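Where a number appears in this text, it was derived from the coordinates with a stated rule and is not lab data. Everything quoted here is computed from the prediction, not taken from an experiment. So basically every Cβ, Gly included, is an ideal-geometry build from the backbone, and we count neighbours across all protein chains shown.
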Amino acid sequence: MIFLLALLPALGLAIFNSHVQYENQKAHSRESALRVVRLLKGAHTQIIDDAKSLVKSMAQFPPFRDQAAQRCNFLRKSFPQMFQRFSDIALAAPDGNILCSTGNIDRVAMLGSTPFFSELLTRRDVGTGAYRFDPMLASPYVLIGAPVLSRENDVDAILLATLDFSAFEALQLTAQLSSDSVIFVFDSSGLFLARYPDPEGWEGTNRITKAAIFHAVQSSLADEGTLDLLGADGVPRLFAYTKLRKAPGQTVYLATGVPVALAYANARQDIVADLITYGGLLLLVLLIAWAAVQALVSRKLRRLVQSAGRLQAGELGARTGMQGAGDEIGKLAAAFDAMADSMESRILELQRHGNEMRDLKEMSDAMQVCATQDEVLAIVRQFALRLFPDQPGALYLTHASGDFFELRTHWHEPVVNSEFLPQDCWAARRGKVYRVDAASNQPRCHHVHTPPPINYMCVPLMAQGEMLGILHLENDQAARLADEQPVAMAFAEHTALTLANLRLRDKLHVQAMRDGLTGLLNRRFMEESLLRETRHARRNHSQIAIIMIDIDHFKRFNDTFGHAAGDALLRAIGKMLQEAMRGSDLACRYGGEEFTVILPGTPLQAAATIAEKLRESTQSMEVAMEGQALGKITISLGVACFPEHGDTYEAVLHAADLALMHAKQTRNRVVKYAQDELEIRRQTQRR
Ligand SMILES: Nc1nc2c(ncn2[C@@H]2O[C@H](COP(=O)(O)OP(=O)(O)OP(=O)(O)O)[C@@H](O)[C@H]2O)c(=O)[nH]1
């Protein structure tokens, strides 16, 4: 807009210049018209002057001058042939009477009383009279008179000649006027003396008085001039006029009239050409300005607005892509793109965070309904794949012994050992997250295989002050690993809480499953434990040993020392068994005076050794009640092992029971099932 406003003065100047040129062209046209009329006047004057010279020569022609009596003969016979330019030649006496004439005498009738005739006599020189129109000949003429002087220089007579001057066609050709143009002569009385062309016969009439040119010329003081007026024929014309004669009784005007359209054609063509040129230039400038505005402003603004609209509609990737442009809009676009980048990353971050929160919540819900640790581990794996996609990881749980961590589940291919000691992991040692950047020189955990160095993070699974395991995560981008630390910690916390709850529940369950007399686990719990342990051992290809124990001659003991003493003995055996067991072992009261010991992860021979120790411990027990010693007792023990003696816990339990029965044959001894299988079978058959 400012650009266009700046163009206005230039445009105004151009139009003003065109107008000035147009006016100059018009002035030039008027000047040309005036030149033409002057030319015509010159030609006409020349004709008159020639005619006057001729008439003067005729009057002074010696034979004519000297022989007064022969003058009329001479005039009639010789002059018409000699002076054909004159339509009428007459000889008048000094008193004005016409002596003789070659034509229409009426033309010069009453000549003696005219000022013209008097002037000829006075001046004694050739002169011209008024311009007149001969209605008979339909022709304008001018009377020329010259005195015929005698040898004494007296005026003998006056030679008169009438000169027709309607030959404007020749003048028109001389002036090179167009056929639409008119040349005309009129006098101050309004007489239309001559007109070329004259198709309507205006010559001899006074129709000129109805034309504006007549009145304009009359009122003008100038001898010549130009006027733009409506002609008598209704055509607007450029008139140029000049005075042919200025006499007291008659002023004669010669005028030309060129149609305005023709007269100013050049001027109009020039201004039209100028206007077309300026218009074209203006259009070109406007086009260039428009294109420049489009290129510089509109297109960029449109792109910016479009990008904003797309962003508003939720298209996070919408960008202007105009950061390269160095102008103000380019800077605005760069700022917009930077803002969109920031917004997109924040929104994506929020979305990611929201997804993580949703996944964690879902995981927590799923874990709440887990009945077993294995179910928890399955959930851990499922959600680890979702929360840490494409990243290797593993979950270790503290072994029941509390001595080491064992790999319980993993995803993708983490570079870790299947088990490790607490001192091999910095997270386990410090009790808090330990994150390692591959590029750093931080100490590595021993359970992580290196080289090559990797970015990894170990997160302890802490619950109620107890470390239940380690969550291990790897990532090829250290920054991403750092970003995910809060999620990993929440993940570990949920898992740890769930595991702790499960263990607490199991503990309560165990307490509900204890035998009231001995405090050992009861038979029902033992069977549940055996079921769980055999499943685990089956998966891990590990072994479970079962020791069945029976007190020898317990009935006799009861009978000898009383039932209360029998109870005391049962409590003493239970205490001894509990003290002898490791954390992962289970000591149960199977029923009556029978006990069962379950040893997870223990092979047959090791279990037999433990059984032998139990036997020896019992044998060396000092059982007393109320200060009274109750004597020595012994126990018999049968040992069997999963899976070599049965693929179910019932089968192994039965095998251990068979081994016990075999031990009972002689009492106070340990029998391994496999070792004496044939004998046991025999005994069984015998029973
Ligand atoms: N005091 C006491 N006695 C019990 C309890 N439960 C079972 N008994 C007794 O334990 C005895 C078991 O006797 P038996 O099955 O003949 O076994 P035993 O006398 O040890 O003989 P062997 O096993 O062959 O050495 C029975 O007399 C039961 O009454 C208990 O809770 N308290």
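Residues within the reach of a label modelled at ARG532 (point 7 angstrom out along Cα to beta-carbon, backbone nitrogen below 19 Å), restricted to region 370-400, are 370-380, 396-400.
Exposure proxy ranking for GLU650, GLU203, based on other Cβ atoms within 10 angstrom of each Cβ and starting from the fewest, stands as GLU650, GLU203.
Of the peptides 352-360, 416-424, the ranking by mean beta-carbon count within 10 Å, highest at the top, reads 416-424, 352-360. Quick one: grab the alpha carbon gyration tensor of region 55-154, order the square roots of its eigenvalues as a ≥ b ≥ c, and give me rounded if a/c is under 1.5, else prolate or oblate depending on whether a/b is larger than b/c. Cα axes put region 55-154 in the oblate bin. With the simple spin-label model, which puts each label point 7 Å out from Cα in the Cβ direction, the GLN81 to LEU287 separation comes to 8.0 nm. The peptide list 220-226, 253-259, put in order of mean Cβ contacts within 10 Å with the highest first, becomes 253-259, 220-226. Packing here is the average count of other Cβ atoms within 10 Å per residue, and on that basis the peptides 47-60, 73-86, highest first, run 47-60, 73-86.
If I model the chain as equal point scatterers sitting on the Cα atoms and use the Debye formula, what is log10 I(q)/I(0) at q = 0.05, 0.09 Å⁻¹? Summing over Cα pairs of the chain leads to -0.56, -0.94. Computed from backbone phi with θ = phi - 60° and the Karplus coefficients 6.51, -1.76 and 1.60, the 3J(HN,Hα) list for region 90-99 is 9, 10, 10, 6, x, 7, x, 6, 7, 7 Hz; x is used for glycine and proline.
Full extension of the chain between VAL369 and LEU13 yields a length gain of 118.9 nm, computed as 0.36 nm times the residue separation minus the alpha carbon distance. Using every pair of separate Cα atoms, the Kirkwood estimate puts the hydrodynamic radius of region 369-441 at 13.7 angstrom. Estimated from helical segments only, the mean residue ellipticity of the chain at 222 nm is -15500 deg cm²/dmol, where each DSSP H run of four or more residues counts as -39500 (n - 2.57). Set the Förster distance to 45 Å, then compute FRET efficiency between ASN153 and THR205 from the Cβ-Cβ distance, nearest 0.05. Using R0 = 45 Å, I get an efficiency of 0.50.
FRET efficiency for the pair LEU275 and SER342, taken as 1/(1 + (r/R0)^6) with r the Cβ-Cβ distance and R0 = 45 Å, rounds to 0.20.
From least to most packed, judged by other beta carbons within 10 angstrom and beginning with the fewest, HIS447, HIS553 follow the order HIS553, HIS447. Between GLU349 and THR634, the C-beta separation translates, for a Förster distance of 56 Å, into a calculated FRET efficiency of about 0.20. Between 0 and 90 degrees, the angle of helix 485-512 with respect to the longest Cα principal axis of the chain falls at about 30 degrees. The ranking of VAL185, VAL380 from fewest to most other beta carbons within 10 Å of each one's beta carbon is VAL185, VAL380.
Region 456-525 and region 347-364 have Cα centres spaced 22 Å apart.
The label point for GLU23 and the one for LEU230, both projected 7 Å from the Cα toward the Cβ, are 2.6 nm apart. Amide hydrogen proximity for ASN206: with H placed 1.01 Å from N in the peptide plane, the residues at 5 or more positions away or on another chain lying under 5 Å are PHE192. Taking Cα atoms only, the orientation of helix 2-59 departs from the longest principal axis of the chain by about 10 degrees.
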